[in-house]
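Reading through the structure tokens given below for one structure.
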Amino acid sequence: MMSKYMTELPCETCHGQRLSREALSVYVGGLNIGEVVEYSISQALNYYKNINLSEQDQAIANQILKEIISRLTFLNNVGLEYLTLNRASGTLSGGEAQRIRLATQIGSRLTGVLY
């Protein structure tokens, strides 16, 4: 009943990106997280593999970049390279959601599981 009186509007701070002002204020390699999540998985993987950072920034980001690249590689390898990172989970098909769960399990180095 109330839904007919409600309207969804994008946030004035993040413009619908669903990210806090603080998250959007951090830039890595010239882009903030709001810009990177607009990329497809394959585009984001390419971006992070080829990111140019100063020596100091590379020392800070090295471990997390390895993890990001690893997770994006798993998603890419299970055929989800076309998905954008900002895609709402409710819009995924059953097969896409299953492949994401599979990539998550592979990424967590789980053993002894049969799919």
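Report the calculated FRET efficiency for Ser89 and Ala59 (r = Cβ-Cβ distance, R0 = 41 Å), to the nearest 0.05.
Details: r = 34 Å, r/R0 = 0.83.
The calculated FRET efficiency here is 0.75.
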Quiz item: Is the chain rounded, prolate or oblate when judged by the Cα gyration tensor, a ≥ b ≥ c being the square roots of its eigenvalues, rounded requiring a/c under 1.5 and prolate requiring a/b larger than b/c?
Solution: oblate
Practice problem: Along Cα→Cβ, 7 Å out, is where each label goes; now give me the distance between the ones at Glu8 and Tyr27 in nm to one decimal. | Solution: 3.0 nm
Self-check item: Neighbourhood net charge (14 Å Cβ-Cβ; Lys/Arg +1, Asp/Glu -1) for Lys49
Solution: 0
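Residue separation times 0.36 nm, minus the C-alpha to C-alpha distance between Asn46 and Arg101: what's the value? Walk me through the intermediate numbers first.
Values: separation 55, 0.36 × 55 = 19.80 nm, distance 2.22 nm.
So the chain would gain 17.6 nm between Asn46 and Arg101.
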Quiz item: Along the charge dipole of the chain, which of Gly94, Ser54, Asn76 sits closest to the positive end, that is, farthest toward it, with unit charges on the beta carbon of Lys, Arg, Asp and Glu (+1, +1, -1, -1)?
Solution: Gly94
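Laboratory data are not the source of any read-out in this text; all were calculated from the coordinates shown. It should be emphasised that the depicted structure is a prediction, and the values quoted were computed from it without experimental measurement. Please note: Cβ atoms are built from the backbone with ideal geometry, for glycine as well, and neighbour counts cover all protein chains shown.
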